[in-house]
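Data first, discussion second: the structure below is written as structure tokens.
The values are calculated or read from the model by the stated rules, or taken from the named source; none is laboratory data. Keep in mind it's a predicted model, so treat the numbers as computed, not measured. All Cβ positions, even for glycine, are placed from backbone atoms using ideal geometry, and neighbour counts span all protein chains on display. What goes into the accessible areas is simple: the full protein's heavy atoms, side chains included, and nothing from ligands, DNA or RNA. Shrake-Rupley method; radii C 1.70, N 1.55, O 1.52, S 1.80 Å.
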Amino acid sequence: MQRAELLSPAGNFEKLKIAIEYGADAVYGGVSHFSLRNRSGKEFDIESFSEGIAYAHERGKRVYVTINGFPFNSQLKLLERHIAQMAELGPDAFIVAAPGVIKMAKRVAPQIPLHLSTQANVLNVMDAEVFYEMGVKRIVAAREMSLKDAQEIKRALPDLEIEIFIHGSMCFAFSGRCLISALQHGRVPNRGSCANDCRFDYEYYVKNPDTGVMLRLEEEEGVGTHIFNAKDLNLSSHIGEILETGAISALKIEGRTKSNYYAGITARTYRKAIDDFYAGCFRSELYGAELDTLKNRGFTDGYLIHRPFQRLDTQNHETAISEGSFQVSGEVREDGRTFFCKFTIKPSEEHEIVVPLGARVSPSKSEIGEIYEREGRFFISFDKILTESGKELPAVHSGNTNAICLPSALPPFSFLRIQEEVV
């Protein structure tokens, strides 16, 4: 059985590094508004994206360029130049969505393999075959596709790779075909600038056309209702079931605009799940507990395992987003000796240390604090909060931009986290 690839989001150069160091086989990202994520596209420029590709290739990892936006006529010349420019960087594939863009990419950069974006909404053998005959090497299946349908496509087209989403935000609309953000803010979701209006709380009304009386309906006074708010996808407990089919070539994590911690924890957790499956020691509770540390909108297993009409638990009707079970309190810099505070850190507090896959931590003690092990986990406690410039602080908070010294070096891109208090 060929091992499935773990594919992580790379919203910027730092997230690219973190995803790779925490276990991703490949990353995806892009430059410009053609990448279908305007914000993350702006965080990469040509130079930093080129550096990212080099960083990945030096470590035997792959980079897929997102060019899955839908261009207007006025943008076709610009798109052609963009494809040529991206091809010069030597990525491992382009992720595209529109048939015309496939044709253009094959003409401009025939040496770059093509992956079909989930935006193309492939759900069946017939559509998969059309894109395969056009030269697509891999399809990123629509989120509404079932595992059974994926297996049928693989049987009919054994040389076509199938990639599925296993974690991250979901759109309440079919395959992301939503216009709420465009109507309310002029930000078009299918062109990469979604304002996530579906996550807001709404009030809704009923009107009597005879009397003109309008009544407001609320689920809870002062709260409103989150009628469009889809839960986040989480297929960690189903990884074994998915991989056993042999039909899936790549497992994809959503979230180019999410945090560094999200990039690291999702990559590390699903790396463990995949490796554990192949080693015969799958531990779903362990993976679920780690993913629960992330901010989320509640979790659902979506539509891959269960059909949409079989379940009613894909919507979060209470909150736009919930805190995870842990709060990220610090991000260790690439130098390994300092970190930036992301929450609040006070002397004598205990913070857990999370490190990249395969990295090691050694117990140590200095005048700054102590790093120690307990029940297989490592923790850090500070006796003093000392900035890189030598200034001592009574505490440090997320708004402080000074690098803070560690008692001793930690692996680059490690995180410090503290458990949220249960109310």
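Points to keep in mind about this one:
- The modelled label-to-label distance between GLU421 and LEU357, using points 7 Å beyond Cα along the C-beta direction, is 3.7 nm.
- Adding -39500 (n - 2.57) for every DSSP H run of four residues or longer, then dividing by how many residues the chain holds, sets the calculated 222 nm ellipticity at -7500 deg cm²/dmol.
- Put GLU392, GLU21 in order of accessible area, highest first, and with a 1.4 Å probe you get GLU392, GLU21.
- Overall dimensions of the chain by Cα: Rg and Dmax, Å: 23.0, 78
- Whole-number percent relative contact order across the chain, with pairs defined as alpha carbons under 8 Å at least 6 apart: 15
- Maximal additional length on extending the THR211-ASP383 stretch stands at 54.9 nm, based on 0.36 nm per residue less the C-alpha distance.
- Using a probe of 1.4 Å, the accessible surface attributed to ARG107 totals some 140 Å² when neighbouring protein chains are kept in position.
- Highest GNM mean-square fluctuation among SER74, SER322, SER259, for the chain modelled with Cα contacts below 10 Å: SER74.
- Summarising the amide proton neighbourhood of ILE95: residues at separation of 5 or more, or on other chains, whose placed amide H is nearer than 5 Å comprise VAL65, THR66, ILE67, HIS115.
- The mean sequence distance of close C-alpha pairs (under 8 Å, at least 6 residues apart), as a share of the length of region 1-142, puts its relative contact order at 17 percent.
- Long-range tail of P(r) for region 320-374 (Cα pairs > 14 Å, %): 66
- Scaled radius of gyration (Cα, divided by 2.2 N^0.38 Å) that region 1-148 gives: 1.01
- Distance violations [Cα-Cα > 21 Å] among LYS17/LYS272; LYS346/LYS391; LYS137/LYS258; LYS342/LYS365; LYS77/LYS106: LYS137/LYS258; LYS342/LYS365
- Rel. contact order, % - alpha carbon contacts under 8 angstrom, at least six apart, region 314-395: 23
- A dipole drawn for the chain from +1 and -1 charges on Cβ atoms has a positive end, and of GLY11, GLY240, ASN400 the residue lying farthest that way is GLY11.
- Sparsely packed chymotrypsin sites (Phe, Trp or Tyr not before Pro) within region 72-148, loop by DSSP, other Cβ within 10 Å at most 10: PHE72
- The largest accessible area among MET126, MET145, MET104 belongs to the first residue in MET126, MET104, MET145, and the rest follow in falling order (1.4 Å probe, all chains).
- PHE378 contributes about 40 Å² of solvent-accessible surface, heavy atoms of the protein only, 1.4 Å probe.
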